[in-house]
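Take a look at the structure set out below.
The values are calculated or read from the model by the stated rules, or taken from the named source; none is laboratory data. These numbers were taken from a predicted model, which means no experiment stands behind them. Note: ideal-geometry Cβ built from the backbone for every residue, glycine included; neighbour counts use all protein chains shown.
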Amino acid sequence: MRASIAGWGTAVPEQRLTNAELERRVDTTDEWIVERTGIRERRIAGEGDTTASLAIEAGTAAIKQAGITPEDVDLLIVATATPEQPIPHTGAFVGEGLGLRCGSFDLGAGCAGFVYELVTGAALLQAGNLDYVLVIGAETLSRIIDPTDRGTCILFGDGAAAFVLEASPDDAPGLLAWDLGCDGSAAGLLGIPAGGSRMPTTPETINQGLQYLKMQGQEVFRRAVRAVVESARTTLERAGVTTSDVDWFVPHQANLRIIEAAANRLKIPMDRTIVNIDRFGNTSAASIPLAIAEAVDDGRITDGDLVLVSGFGAGMTWASAALRWGRAS
Ligand code: ACO
């Protein structure tokens with residue numbers, strides 16, 4: 001059995017945060033942000049938007065596009081670094097909003113979360129003899145960013161994207177190969193220090209701003225390029241293909257310079273690399289599916305294309321997958 005992608009959907013908040021607006025908030029310039037990151041604007045959750053509300057909107061669109069009903073969904077996985085609340089898991093709210101009663105769980109692997117849930121969803125589809133698994137990457141990173149930290153507030157945006165995975169015959173399009181990894185020795189490079197078991201929230205942690213994301217950007221950058229390139233190569237080897245077979249490379253949208261460096265080392269030209277970071281910034285677990293969905297909707301990715309996805313994130317995690325785009329006929 002192979003997991004193919006039967007439907008996809010996206011949701012982004014209406015509100016845009018431009019570099020010009022950030023110039024007024026922190027000591028930065030449009031020129032610096034564009035040159036160092038490639039980002040021009042990001043979407044920011046409005047008052048009524050939450051991680052679950054964006055996930056529900058994206059999930060609804062994906063279910064509709066797949067031509068199925070909520071009753072057909074056998075399992076829901078939500079990848080997020082910005083859950084609706086600590087307990088219960090975000091999937092409980094999303095499942096309720098979508099009208100599901102199937103099992104659900106959240107998956108935390110930072111910005112690599114979507115590829116992790118794609119692989120997990122495909123494996124459970126096979127192991128459990130399921131028909132449909134709904135995987136959603138959803139984030140409201142604007143809610144965990146220190147608005148005064150110019151090293152992070154320029155990077156992140158909000159959004160969600162969902163894929164319906166469908167059980168298909170072995171020779172159908174779908175997930176061909178993957179690679180997952182995590183180097184926990186680098187866990188301190190990127191994270192939210194307070195609010196968990198190690199450091200419960202207290203007035204003191206709040207005074208110190210420890211509820212916000214902290215990042216050692218340069219070191220994350222250095223490791224990200226290496227992780228994406230090595231993981232992508234491993235995945236292609238496992239799929240029995242080479243970079244010249246790749247029709248579309250869809251990297252995690254964290255920084256245009258990381259994307260260009262990885263594509264360059266993999267010898268994949270930029271005109272076969274999907275980039276939307278200029279308009280959405282880094283949307284973490286939503287970034288890769290958002291970029292794929294856009295490229296499918298505007299006709300760049302078409303049936304039969306070999307799509308290579310690769311991401312990295314807090315942990316530090318990395319994850320890549322090779323997909324043959326299309327649905328079993
Ligand atoms: N505007 C103007 N100047 C700035 C800004 C800003 N927004 N931010 C930093 N600077 C300054 C620094 O203070 C520093 O000044 P100094 O030389 O006087 O000390 C200078 O610019 C260079 O700073 P660097 O940190 O070296 O800048 P760099 O080129 O590395 O860019 C960035 C910083 C954009 C954060 C980059 O390191 C990056 O993108 N790293 C990867 C981040 C990433 O991918 N994170 C996502 C992880 S995925 C997840 O799971 C969430």
(request) Return yes when Phe114 is within 16 Å of the ligand (Cβ to nearest atom), closer than 20 Å to Thr80 by Cβ and out of contact with any Pro (no Cβ under 6 Å at 6 or more places or on another chain) and no when it is not. (result) no
(request) Consider only pairs whose beta carbons are under 6 Å apart and that are at least six residues apart or on different chains; among these, list those whose first residue lies in the stretch 215-237 and is farther than 21 Å from Leu180 by Cβ and of a type in the set (A, V, I, L, M) and whose second residue is modelled with pLDDT of 95 or more and near the ligand (Cβ under 6 Å from one of its atoms). (result) Met215/Leu190
(request) Only residues in the stretch 22-35 that are in contact (Cβ under 8 Å) with a residue 60 or more places away in the chain and under 18 Å from Gln253 (Cβ atoms) count as the first member; pair them with residues that are near the ligand (Cβ under 8 Å from one of its atoms) and of a type in the set (Ser, Thr, Tyr), Cβ under 7 angstrom, at least 6 apart or cross-chain, and list the lot. (result) Leu22/Thr28
(request) Would you point out which residue out of Gly121, Gly95, Gly99 is in contact (Cβ under 8 Å) with a residue 12 or more places away in the chain and at positive phi? (result) Gly99
(message) Can you find a residue that is outside any strand (DSSP E or B), away from the ligand (no atom under 16 Å from the Cβ) and touching a helix residue (DSSP H, G or I) at 6+ places or on another chain (Cβ under 7 Å) anywhere in the stretch 142-155?
(response) no
(request) Being without any contact (Cβ under 8 Å) to a residue 60 or more places away in the chain and either within 21 Å of Asp305 (Cβ to Cβ) or more than 16 Å from the ligand (Cβ to nearest atom) (or both) is the filter here, so list the residues in the stretch 251-264 that pass it. (result) Gln253, Ala262, Ala263, Asn264
(request) Identify all residues within the stretch 91-104 that are exposed (fewer than 15 other Cβ atoms within 10 Å of the Cβ) and under 21 Å from the mean Cα position of the chain (by Cα); write none if there are none. (result) none
